[in-house]
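A.B. asks: Dumping the structure here so I can ask a few things about it.
Just so it is clear, none of the values below were taken in a lab; they were calculated from the coordinates. Note that the coordinates shown come from a computational prediction; the quantities given were computed from them, not determined experimentally. Cβ coordinates were reconstructed from backbone atoms using ideal geometry, including for glycine residues, and neighbour counts include every protein chain displayed.
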2 protein chains.
Amino acid sequence: MTTRALSKEEILSQRRAFLGPSLSLSYEEPLLILRGQGQYLYDEAGNRYLDVVNNVCHVGHSHPRVVAALAEQAALLNTNTRYLHPAIVRYAEKLLATLPAPLEVCFFVCSGSEANELALRLARTYTGGLDTIVIVGAYHGNTAALIDISPYKHNGPGGRGAPPWVHAAPMPDPYRGPYKGYGRETGAQYAAGVGALLETIQAGDRALAGMIAEPVLGCGGQIVLPDGYLAEAFARVRAAGGVCIADEVQVGFGRVGSHFWGFETQGVVPDIVTMGKPIGNGHPLAAVATTRDIADAFANGMEYFNTFGGNPVSCAVGLAVLDVIEEEQLQENARRVGAYLLDGLRGLMDRHPLIGDVRGLGLFIGVELVDDRETLEPAAAEASWIVERMKEAGILLSIDGPLHNVLKLKPPIVFTAEDADFLVGALDNVLAEQADHRAGREL
Amino acid sequence: MTTRALSKEEILSQRRAFLGPSLSLSYEEPLLILRGQGQYLYDEAGNRYLDVVNNVCHVGHSHPRVVAALAEQAALLNTNTRYLHPAIVRYAEKLLATLPAPLEVCFFVCSGSEANELALRLARTYTGGLDTIVIVGAYHGNTAALIDISPYKHNGPGGRGAPPWVHAAPMPDPYRGPYKGYGRETGAQYAAGVGALLETIQAGDRALAGMIAEPVLGCGGQIVLPDGYLAEAFARVRAAGGVCIADEVQVGFGRVGSHFWGFETQGVVPDIVTMGKPIGNGHPLAAVATTRDIADAFANGMEYFNTFGGNPVSCAVGLAVLDVIEEEQLQENARRVGAYLLDGLRGLMDRHPLIGDVRGLGLFIGVELVDDRETLEPAAAEASWIVERMKEAGILLSIDGPLHNVLKLKPPIVFTAEDADFLVGALDNVLAEQADHRAGREL
């Protein structure tokens, strides 16, 4: 743009004037971010920030190969899917190759919300049921039907509770929940909660569509599921005639390190998998993969058309992201650096009693802050203070979890061991400051 | 891509293998389209087609200025709206400047479906009501809540009818409906149908959210509304406490020629306006504009966050599209060429009794085909035959309307008078052929 640069204050005041007030900003003093490269963001003064928040710009901000694919295809053709084009089938083939059988059919849409909407429609059309089991604290998107299945929203501020067809299973939280640890017994104990809901549904005049779950709980507070949880829960749902949806919008595409998909860490194969955020490295792209049976049942005469979904530009971008993950071995990077970062963060626990728990898979990590390691009293104010101070140290973090006390780490998966060292060192200092601050000393 | 080119047959067979079967293709023998420029698409052999279908690539396929804005911003930064960035406020300001007061707040999303979803949530939160008045034959998007308000879908193949909170007003069709012509009396007669629904809602134990309508009916069959229809319908809805939503996804952004927005041709100001398809010239972008009161009421504590919506790349693209419309005077082009094309098409009516009606605003035109101008017996098979033959003549058209007998013309608005001549000439020939074909003569 050739017009003069807007100041931070002007942008803030124009946001207030022109944009809906339900759109929030990060930080007490928001950042003006003008450039991104790899795992870094840069503000208007050229200050660099290590981005530990962005699981959308997955292979690194402004990745040159992804940008080139976008620009080249946009200059050639961007039209809907009612004509033939090679990009959509090349991309579908490559994306489906990352998934186990029988997940062999896909649909392309524009956002994680559109993907979860379509997943619900697939499940409901296939089963003829409406009732859906979700996990307490879950968020699956911003449409009416998705607010309905998102306890994080419908039980949060402004929410109106769950409709009668939505049933929330206890959060399988090995740290804070009633059953502790990551073993199979814990998994089975939490899965019994899903069983209890199925009995309620079957006892009532209701019909089951299925269950939707994130393989690692995001808004739930970066919760790693205990072993066997999804296997047991999915088996019960299937026995009751429902289908099982894995919401990979936050955690898919190699982020968990050991596997390409989060559900693989639980040893299950869902009936439907939804994908969003990282799939296009920021480009509005999302997808749903499912079985041939479910896709065929959905073709009941009502066409599903998505104007932008699967256009050649989006498919070229999606393909480039898969290529980059593969060629730069980013899943392996997430595994290696994620393990190193988890170790480093756990190493802080000795010195910093505020850290109640450090957990995660690959580069999807939560650091839960507590005032007391026995009572688990959540340290929400401290979490906010720490995130603000970390920003001053040049590191961007976010907070999640129903008690607002979990530091959420989900950087672009090009994150390095040096970045991990920088992060752990800075967090060590800020936690020490925080302890001083808490003790009422001058900082 | 460096891999070898896929043949048409390979792409077709891979689509069948990898993609959901509910995704349809245009034409008996589908086209492989590899390049687009302006109002033209090119197949794998370099054959050129005049694109009279695409109201998404609004300012012309692969417009260099839009592509440059996309590529430049993508190389710099693409992140979410939780940081400050100038593009979102510059774009919001410019977009809102096209709208009358009090439409002064906007939200950015990724698709027309996301826009209409948000519009429903806004209307329902603001009014506390759920019940929604729609027009028979309308299509507003592909999510669960939007299928509910789309008679085109829920009363079509695979549909399960309208839920009790959705009330369909008679289609205000001046050609085929019970009241004829475009005068204010006809408008009032159809608007009385909305009044009757409001009485039913008020008599029952129901609460009104509002009414949603396209200012020119798209899936309804390119229906131009009679004068005063929306003014009268909106007045009744408001008197009953509802809000009025104009769905500009198909017709906005200068396409109607005389005005920038379709609703302006009806002399109304909606409470909520939704935008999609043409807004980003193919880039997945959409928006909702509304009043300060409605936006403020929506900020009830529940955040509305859209991961991709309003990112710097999407806003740069949206801004470039507005700049191009303005600088290339494309609204004026739509007005001038649209009027010329309407004249040309009407000129065919003398020679071709199959044409029952030619109607439209700017470059949003319908040609309704009938077997009999008295009984209005729809000529659906003839419409399909003509669209296939027009393709062979190098012109892409689509068919719409509940009776599948309306040729739908909605080209990129860079369409020229020469394109109109080419189209009218070809249609003249194909209609003559069709008459011969019908008469059983050798073609």
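A.B. asks: Could you grab the Rg to Rh ratio for the range B:108-195? Cα atoms only, Kirkwood for Rh.
C.D. replies: 1.02
A.B. asks: Which ordering of B:72, A:114 is given by a fewest-first count of other beta-carbon atoms within 10 Å?
C.D. replies: Exposure proxy ranking, most exposed first: B:72, A:114.
A.B. asks: Using amide H atoms built 1.01 Å from N in the peptide plane, name the residues 5+ places from residue B:35, or on other chains, whose amide H lies under 5 Å from its own.
C.D. replies: The answer is B:42.
A.B. asks: Choose one answer from B:212, B:279, B:294: the residue with the largest mean-square fluctuation in a GNM of chain B with alpha-carbon springs under 10 Å.
C.D. replies: B:294
A.B. asks: About the Cα centre of the range A:1-131, how large is the charge dipole given +1 on each Lys and Arg Cβ and -1 on each Asp and Glu Cβ? Please answer in debye to the nearest 20.
C.D. replies: On the way: 12 positive and 13 negative charges, 70 e Å.
In debye, rounded to 20, the range A:1-131 gives about 340.
A.B. asks: Can you give the % of DSSP beta bridges in chain B that are antiparallel, to the nearest 5?
C.D. replies: 65
A.B. asks: I would also like to ask the following. For an R0 of 45 angstrom, estimate the FRET efficiency from the Cβ-Cβ distance between residue A:97 and residue A:184 and round to the nearest 0.05. Show your work: numbers first, answer last.
C.D. replies: Values: r = 30 Å, r/R0 = 0.68.
That gives a FRET efficiency of 0.90.
A.B. asks: Where in the range B:105-128 does the amide nitrogen come within less than 16 Å of the point 7 Å from the Cα of residue B:292, taken along Cα to Cβ?
C.D. replies: Only B:105-106 fall inside the zone, counting backbone N under 16 Å.
A.B. asks: Which value at 222 nm does chain A reach when only helices count, each DSSP H run of 4 or more adding -39,500 (n - 2.57), with the total divided by all residues and rounded to the nearest 500 deg cm²/dmol?
C.D. replies: -12000 deg cm²/dmol
A.B. asks: Sticking with this structure for a sec: Please figure out what share of the DSSP beta bridges in the protein assembly as shown is antiparallel and state it in percent, rounded to the nearest 5.
C.D. replies: Antiparallel: roughly 65 percent of the beta bridges in the protein assembly as shown.
A.B. asks: Given the convex hull of the Cα atoms of the range A:213-356, what is a quarter of its surface area in nm²? Numbers along the way, then the final one.
C.D. replies: On the way: hull surface 44.6 nm².
In nm², the orientation-averaged hull projection of the range A:213-356 is 11.2.
A.B. asks: Tell me, what is the Rg over Rh of the protein assembly as shown, with Rh the Kirkwood radius over Cα pairs?
C.D. replies: A ratio of 0.97.
A.B. asks: Evaluate 2.2 N^0.38 Å with N set to the residue count of the range A:64-327, then give the Cα radius of gyration divided by it.
C.D. replies: Taking N as the residue count of the range A:64-327, the ratio is 1.00.
A.B. asks: D for the range B:211-277, whole µm²/s, Stokes-Einstein with Kirkwood Rh over alpha-carbon pairs at 37 °C and 0.692 mPa s: what number?
C.D. replies: So the translational diffusion coefficient is about 277 µm²/s.
A.B. asks: Using the scaling law 2.2 N^0.38 Å as the reference, what is the normalised Cα Rg of the range B:1-119?
C.D. replies: Rounded to two decimals, the normalised Rg is 1.42.
A.B. asks: Another question, then. Rounding to the nearest 20 debye, state how big the charge dipole of chain A is about its Cα centre with +1 on each Lys and Arg Cβ and -1 on each Asp and Glu Cβ. Don't jump to the answer; show the numbers that get you there.
C.D. replies: Working: 35 positive and 52 negative charges, 158 e Å.
Charge dipole, chain A, about its Cα centre: 760 debye, nearest 20.
A.B. asks: Can you figure out the FRET efficiency of residue A:258 with residue A:48, using R₀ = 35 Å and their beta-carbon distance, to the nearest 0.05?
C.D. replies: Values: r = 31 Å, r/R0 = 0.87.
It comes to 0.70.
A.B. asks: Also, quick follow-up: Quick test of your reading: applying the under-4.7 Å Cβ rule, which cysteines of chain A are isolated?
C.D. replies: A:57, A:106, A:219, A:244, A:315
A.B. asks: Taking 0.36 nm per residue of sequence separation and subtracting the Cα-Cα distance, how much length would be gained by fully extending the chain between residue B:418 and residue B:68, in nm to one decimal? Kindly include the intermediate steps, with their values, before the conclusion.
C.D. replies: Working: separation 350, 0.36 × 350 = 126.00 nm, distance 2.80 nm.
So the extension gain works out to 123.2 nm.
A.B. asks: Picking from A:200, B:61, A:291, whose Cα lies most toward the positive end of the charge dipole for the protein assembly as shown (charges on Cβ: Lys, Arg +1; Asp, Glu -1)?
C.D. replies: Among A:200, B:61, A:291, the one farthest towards the positive end of the dipole of the protein assembly as shown is A:200.
A.B. asks: On a 20 Å Cα-Cα criterion, which of the cross-link pairs A:8/B:277; B:94/B:277; B:8/B:391 come out too long?
C.D. replies: A:8/B:277
A.B. asks: Which order results if B:423, B:25 are arranged by neighbouring Cβ count within 10 Å, fewest first? Don't skip to the answer; put the middle values down first.
C.D. replies: Working: B:423 23, B:25 14.
Ordered from fewest to most neighbouring Cβ atoms within 10 Å, B:423, B:25 come out as B:25, B:423.
A.B. asks: Calculate one ³J(HN,Hα) per residue across the range B:43-55 by plugging θ = phi - 60° into the Karplus curve 6.51 cos²θ - 1.76 cosθ + 1.60, and present them in order as whole Hz with x for glycine and proline.
C.D. replies: In residue order, the calculated couplings are 8, 5, 9, x, 5, 9, 10, 7, 8, 9, 9, 8, 8 Hz.
A.B. asks: Compute the FRET efficiency between residue B:350 and residue B:328 as 1/(1 + (r/R0)^6), taking r as their Cβ-Cβ distance and R0 = 45 Å, and round to the nearest 0.05.
C.D. replies: 0.85
A.B. asks: Defining a contact as two alpha carbons under 8 Å apart and six or more residues distant in sequence, what relative contact order in percent does the range B:21-142 show? Walk me through the intermediate numbers first.
C.D. replies: Details: 59 pairs, mean separation 14.7, N = 122.
After rounding, I find 12 percent.
A.B. asks: Net charge around residue B:357, counting only other residues with Cβ within less than 12 Å of its Cβ (Lys, Arg = +1; Asp, Glu = -1)?
C.D. replies: Computed value for this residue: +3.
A.B. asks: Moving on to the next point. Which ³J(HN,Hα) values in Hz, rounded to whole numbers, follow from the phi angles of the range B:277-288 under the Karplus curve 6.51 cos²θ - 1.76 cosθ + 1.60, where θ = phi - 60° and Gly and Pro get x?
C.D. replies: Taking θ as phi minus 60°, the curve returns 2, x, 4, x, 6, x, 5, x, 9, 7, 7, 10 Hz for the range B:277-288.
A.B. asks: List the relative contact order of chain B as a percent without decimals, with contacts defined as Cα pairs under 8 Å and 6+ residues apart.
C.D. replies: 21
A.B. asks: Please list the radius of gyration and Dmax for chain A, considering alpha-carbon atoms only, with Å as the unit.
C.D. replies: Computed over the Cα atoms of chain A, radius of gyration and Dmax are 21.9, 70 Å.
A.B. asks: Got a sec? Charge dipole of the protein assembly as shown, +1 on Cβ for Lys and Arg, -1 for Asp and Glu; which of A:163, B:345, A:254 is way out at the positive end?
C.D. replies: A:163
A.B. asks: Sticking with this structure for a sec: Charges at C-beta only: +1 for Lys and Arg, -1 for Asp and Glu. How large is the resulting dipole of the protein assembly as shown about its Cα centre, in Debye rounded to 20? It would help to have the intermediate numbers written out before the result.
C.D. replies: Numbers: 70 positive and 104 negative charges, 48 e Å.
Dipole about the Cα centre, nearest 20: 220 debye.
A.B. asks: In a Gaussian network model over chain B where Cα atoms closer than 10 Å are linked, find which of B:305, B:263, B:107 has the largest mean-square fluctuation.
C.D. replies: Judging by the Gaussian network model, the answer is B:305.
A.B. asks: Go ahead and set up a Gaussian network model of chain B, Cα springs under 10 Å, then flag whichever of B:327, B:117, B:377 fluctuates most.
C.D. replies: B:327
A.B. asks: How large is ³J(HN,Hα) for each residue in the range B:353-364, as worked out from phi by the Karplus curve 6.51 cos²θ - 1.76 cosθ + 1.60 (θ = phi - 60°), to whole Hz, x for Gly and Pro?
C.D. replies: So the J values, rounded to whole Hz, are x, 4, 7, x, 7, 10, 8, x, 10, x, 9, 10.
A.B. asks: Kirkwood-based Rg over Rh for the range B:42-177 (C-alpha set), two decimals?
C.D. replies: Value, to two decimals: 1.04.
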